Structure formats: C-alpha cells, structure tokens
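Colleague: Handing you a structure now.
The values are calculated or read from the model by the stated rules, or taken from the named source; none is laboratory data. In this text the structure is predicted, and so the values were computed from the model without any measurement. Here the Cβ is made from the backbone with ideal geometry for all residues, glycine too, and neighbour counts use every protein chain on show.
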C-alpha cells in the first residue's frame, strides 16, 4: 500500500523499521531555529532522521539577481535531491514526515517531495503527540542510511511567482488563499515580517482550521465542504502564507479532500511585502 497524504501512528508502527521506508523529523520553531535539532537529539521516532527547515528545506533568501526571495524560498532542486539521497531515499521509497506542531512544518517537506516528482510521501497524522498517545516509544539513536538513488522527476505540483499574482490583481483569474492566522492576515500583531497586511483580493484560511481538537486532520468530507466555501476551482487557486511553509498545510488538506490542482506561491507574504511597489491590503 502507498501512503500519499496521511498515515496513522498505528499504521506507521507496523512499517517503521522496513528498509523501504524513510522517516523524517521536521520539528521546528520559527522563533528558535535550533529548537528542532535539540528536540530531535532528546528523542525522536525510531529510525527517524532530521530535516531542518532553514538548512534542508529552504534556499538562499537573496537570488542571483540580488532580489529578496522570501524567508523560506525553495532550494535549488539539485541540492534538495542530494539531501533526499543523503537520507537514503530511492524512487520507490515510502517517506513519512512528522513534526509536533500539527503538520505545519512536515507538510512543507510533503509538498517538496511532490515538487521533485515523489508521490510516496505521507504526513504522520497528529504528529509526535499522536505517536506518544498510541503508547509508542522514542529513540535517541542516530539512524544514518545508505546513500539513496532518488532522481528528479516531473513535478506533481505547481508554483506561481509574485509577477503572476501582480497580473492577477487585474484579471482576477486566480483565487489566492492566505494560510496565516486571521490577525496577521488583517495586518495586526505582525511580529515576523516588516509589513503587515495581505495580498489584495486574497482570502483567509488559517491552516490550523484543517485540524480537529486532537491535532489530527479533519475528515476528507469536512475539509471538502470547508474549502468549497473558500474556492470554486482548486485548479485556479493559489495557496500562500508568510513564507511558503504553512501554505503547504492547506495544500495537503486540499489533497486529502480530493480537491487537487492548487498552486503554491513559495515567496508568499515575506517576498510580496519586501517590494514597496506591490500593493498591500
């Protein structure tokens, strides 16, 4: 069986030591970039390796043209492929990613694997808390793997640029959905980026609304109903957030709901607001 959206703690426990599976810990804290590494050292899922948001899942903030690309721009594809190979991933590997924050960081790696054409990747539903609640144990042992042979294949996902969204201000062909908290969307309590507000015309769907009270994702039917109230056609929708991370949570929720085809704006608000020529709402 292939897992391509979510996997339960119970199902993962049956496969966690299988050679064809790779487990990646994506825990992170935007305010403390070393927190994830420390948490991994203190205890992680057995057989898991660590993927650092800033070092492994993002590229240089300043492009070759000297322009700011956002706080977590996509890395060079070849560099990212090399990281995946370092973690022992082959073209047929089942990858499972997790964090302890409801999937807000794990979903980024889920999306990035699809970006390089790898479909066999799932987020641990409920993350580390669900694993522990199931009575499972943690390990402090490192789990290095033999170098993988993953190749770069056609992308399974789409992206848009700031220029695409500038053009959209006039033609309004795309529905832009912002995954940030409602207060930041409104321009209040902005403590991360230098400018508050949102892209004109964008709608707000806070990524945490994808979760139940227990931290697991809502059902496919409920997600489908909720997102259908936000967008008419996922193929004409763009997900964004502050820096292209939690937008992937909404993209995962859409995939669970069977609403495929939405694109990611990787630079998101952090890139958009860096250019004073771009309008702000």
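Colleague: Being in contact with a strand residue (DSSP E or B) (Cβ under 7 Å, 6 or more places away or on another chain) and more than 21 Å from residue 33 (Cβ to Cβ) narrows it down to one of 106, 78, 133, 122, so name that one.
Modeller: Of 106, 78, 133, 122, the one residue that is in contact with a strand residue (DSSP E or B) (Cβ under 7 Å, 6 or more places away or on another chain) and more than 21 Å from residue 33 (Cβ to Cβ) is 122.
Colleague: Give all pairs with beta carbons closer than 7 Å in which a residue from the range 57-77 that is on the phi < 0 side of the Ramachandran plot meets a residue that is surrounded by 21 or more Cβ atoms within 10 Å (Cβ to Cβ) and outside any loop (DSSP other than H, G, I, E, B); count only pairs at least 6 apart in sequence or on separate chains.
Modeller: Within 7 Å, the pairs are 57/108; 57/109; 57/112; 68/271; 69/271; 71/270; 72/53.
Colleague: Which of the residues belonging to the range 231-261 are free of Cβ contacts under 8 Å to residues at least 40 places away in the same chain and closer than 19 Å to residue 172 by Cα?
Modeller: Across the range 231-261, the qualifying residues are 234, 235.
Colleague: I'd like the full set of residues that are surrounded by 17 or more Cβ atoms within 10 Å (Cβ to Cβ) and closer than 18 Å to residue 278 by Cβ, limited to the range 147-176.
Modeller: Selection gives 160, 162, 165, 168, 174, 176.
Colleague: Restricting the search to the range 233-259, which residues are part of a loop (DSSP other than H, G, I, E, B) and either closer than 20 Å to residue 53 by Cβ or in contact with a helix residue (DSSP H, G or I) (Cβ under 6 Å, 6 or more places away or on another chain) (or both)?
Modeller: 241, 242, 243, 244, 245, 246, 257, 259
Colleague: Out of 197, 258, 244, which single residue is exposed (fewer than 15 other Cβ atoms within 10 Å of the Cβ) and outside the structural domain of residue 53 (by TED's automatic domain parsing)?
Modeller: Sole residue among the options that is exposed (fewer than 15 other Cβ atoms within 10 Å of the Cβ) and outside the structural domain of residue 53 (by TED's automatic domain parsing): 258.
Colleague: Something else: Please work out if residue 88 is assigned to a loop (DSSP other than H, G, I, E, B), under 24 Å from residue 208 (Cα atoms) and at pLDDT 95 or above.
Modeller: no
Colleague: Determine which single condition residue 192 fails, assuming it passes every other condition in (1) surrounded by 14 or more Cβ atoms within 10 Å (Cβ to Cβ); (2) modelled with pLDDT of 95 or more; (3) under 19 Å from the mean Cα position of the chain (by Cα).
Modeller: Of the numbered conditions (1) surrounded by 14 or more Cβ atoms within 10 Å (Cβ to Cβ); (2) modelled with pLDDT of 95 or more; (3) under 19 Å from the mean Cα position of the chain (by Cα), the odd one out for residue 192 is (2).
Colleague: Hey, does the range 52-60 have a residue that's crowded, with 17+ Cβ neighbours inside 10 Å and part of a helix (DSSP H, G or I)?
Modeller: Among the residues of the range 52-60, at least one is crowded, with 17+ Cβ neighbours inside 10 Å and part of a helix (DSSP H, G or I), which makes the answer yes.
Colleague: Take the residues in the range 61-72 that are in a loop (DSSP other than H, G, I, E, B) and touching a strand residue (DSSP E or B) at 6+ places or on another chain (Cβ under 8 Å), then tell me which one is surrounded by the fewest Cβ atoms within 10 Å (Cβ to Cβ).
Modeller: Here is the first cut: in the range 61-72, the residues in a loop (DSSP other than H, G, I, E, B) are 61, 63-67, 69-72.
Narrowing the set further to residues that are touching a strand residue (DSSP E or B) at 6+ places or on another chain (Cβ under 8 Å) leaves 61, 69.
Details: 61: 17, 69: 23.
Filtering first and then ranking leaves 61.
Colleague: Identify, from the list 143, 139, the residue that is modelled with pLDDT under 95 and either touching a strand residue (DSSP E or B) at 6+ places or on another chain (Cβ under 7 Å) or closer than 30 Å to residue 275 by Cβ (or both).
Modeller: The unique qualifying residue is 143.
Colleague: Can you pull out every residue in the range 11-39 that is over 19 Å from the mean Cα position of the chain (by Cα) and surrounded by 13 or more Cβ atoms within 10 Å (Cβ to Cβ)?
Modeller: Passing the criteria: 11, 12, 13, 15, 16, 21, 39.
Colleague: Tally the residues that are touching a residue at least 40 places away in the same chain (Cβ under 8 Å) and part of a loop (DSSP other than H, G, I, E, B), restricting the search to the range 197-208.
Modeller: Number of matching residues: 7.
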